[in-house]
1. As a quick test, which of the pairs LYS35/LYS136; LYS35/LYS251; LYS120/LYS324; LYS246/LYS266; LYS35/LYS324; LYS266/LYS314 have an alpha carbon distance above 25 angstrom in this structure?
2. Once fully extended, how much extra length lies between GLU102 and GLU308, figured as 0.36 nm per residue of separation less the alpha-carbon to alpha-carbon distance?
3. Answer rounded, prolate or oblate for the chain, using the Cα gyration tensor with square roots of eigenvalues a ≥ b ≥ c: rounded when a/c is under 1.5, else prolate when a/b is larger than b/c, else oblate.
4. Calculate the spin-label point distance for VAL198 paired with LYS251, positioning each point 7 Å from the Cα along the beta-carbon direction, and give it in nanometres.
5. Taking Cα centroids, how far is region 331-374 from region 1-64 in Å?
6. Counting only protein chains, not ligands or nucleic acids, how are HIS365, HIS357 ordered by accessible area (probe 1.4 Å), most first?
7. Under a Cβ-only charge scheme (Lys and Arg +1, Asp and Glu -1), can you give me the dipole magnitude of region 160-248 about the Cα centre, in debye to the nearest 20?
8. With a 1.4 Å probe and every protein chain kept in, tell me what percent of the accessible surface of the chain is carbon plus sulfur.
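The values are calculated or read from the model by the stated rules, or taken from the named source; none is laboratory data. Since the model is a prediction, treat every value here as computed from it, not as a measurement. FYI the Cβ positions are ideal-geometry reconstructions off the backbone, even for glycines, and counts take in every protein chain you see. Heavy atoms of the whole protein, side chains included, go into the accessibility calculation; ligands, DNA and RNA do not. Shrake-Rupley method; radii C 1.70, N 1.55, O 1.52, S 1.80 Å.
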Amino acid sequence: MRVAMIGTGYVGLVSGACFADFGHEVTCIDKDAAKIARLSAGQMPIYEPGLDMLVARNVEAGRLSFTVDGAAAIRAADAIFIAVGTPSRRGDGYADLSFVYEAAEEIAPLIERFVVVVTKSTVPVGTGDEIEAILKRARPDAQFAVVSNPEFLREGAAIEDFKRPDRVVVGLKDERARPVMAELYRPLNLNETPVLYVDRRASELIKYAANAFLAMKITFINEMADLCEAVGADVQQLARGIGLDKRIGPKFLHAGPGFGGSCFPKDTLALVRTANDAQAPLRLVETTVEVNEARKRSMAARVAAAMEGDLAGKIIGVLGLTFKPNTDDMREAPSLRIVPALQAMGARVQAYDPAGHEARLLLDHVDFKSGPYEAVEGADCAVIVTEWDEFRALDLDRVKQLMRRPLMVDLRNIYQPEELRPRGFTYISVGRAPVPPPPGAPSRQASPPSAPQSRAASLPDRAETAVT
Ligand SMILES: NC(=O)c1ccc[n+]([C@@H]2O[C@H](COP(=O)([O-])OP(=O)(O)OC[C@H]3O[C@@H](n4cnc5c(N)ncnc54)[C@H](O)[C@@H]3O)[C@@H](O)[C@H]2O)c1
């Protein structure tokens, strides 16, 4: 099959490279000339494990190419994928569909024979109808079918997710598209991947429902973590206890600083808007958005409380800035809330992230360091914000020696309190009993568990309840 992929970002590039690896002939198109120039020179514009090799292999084999001028590839394509961004529309939370509609306008004059136009971008229900209308308006004579084929890959594991997905969802309105989609994904038959053919509107909603469900699961365990802190239980034990129940499952039950990233925040918000417009409000999702926002805000207060509220002139060593490990993606990363909030309280922040180079453009007055030990050197507190593997096995004695004060706030629970305590750290994590300071260290009193309150009353200051 000949594939034109419009949008060569995290999804377009990975999907394009994987389709090429399946044996299809793929042209990745992007209007960002600098990105295309880098790709054409064999450099990856994003950090995604394994992507450089996959791209090189398929370019070499002549199945994958990159261009800013997609006209020829679009004209020749059997399937044209739209994989452009659908960010939150500034101010109102609706998905901004301008890039999607722009792509449809670009496709219309180039259709020469029957072609399948596939929306891979995450788009609100009904967008397929609008794309169809745009194409029909511009080209009443054109033969095409518009398909929804949402993408479920996770950054950091994107290639594996694309090649071994739990399922592929294809939303059709026109049966002529079915054999084209079946042929595109035929290599997945080997693994017996379920390919689910559904109505186009259902397909569009499936993507949002999946993300909203996962966001709710994370938010659930985050709230349970707060309860654990308040009553003296361990959220990791709790997560294991419920996660072994097959109806619940162990994934997305890691308590932390709140979800971020390029998808969950914007998609939950857009779904809430869709549901309200349809007069079928999704109260659970609305609450998830609200609780998660409050949680991200409260993380700096958690650090401040660990330092008795006195951050003036203190040095905080932040480990990890990206929204999750194994990606360079900084979109909606919790660090973007936490770092400025710490600075606003008077702290000086020094930070290290293995791939989050874009942070330099997004965070002011941060002293960026070249490694984890440099980031904690001279610090009054180390804060683990992203659970990169290289932070999991730090030489803790060296960390302690380098720090001005052995205080660690671990927002990802990558260490065990028993590991830190004998080494003389004060260790504060999420949803677990705080480790008190070692004998002889300046005293920090554990706050008493907060009395049960209404959720609204407890949200802003929940963090303070848990720290030493
Ligand atoms: N990032 C993820 O993990 C992920 C996972 C699943 C689904 N999605 C969805 O996939 C879509 C794309 O996300 P992304 O993270 O890849 O975005 P991205 O911002 O990384 O990439 C989008 C690319 O599209 C290009 N573009 C925009 N308009 C164009 C046009 N008219 N012609 C050519 N190129 C154009 C941009 O220059 C950019 O390079 C979004 O709807 C997102 O919600 C993302």
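1. LYS35/LYS136; LYS35/LYS251; LYS246/LYS266; LYS266/LYS314
2. 68.9 nm
3. Note, shape of the chain comes out prolate.
4. About 1.6 nm, to one decimal.
5. Spelled out, the Cα-based centre of one part sits 30 Å from the other.
6. Ranked from most to least accessible, the order is HIS365, HIS357.
7. Result for region 160-248 is approximately 460 debye, rounded to the nearest 20.
8. Roughly 53 percent of what the probe reaches on the chain is carbon or sulfur.
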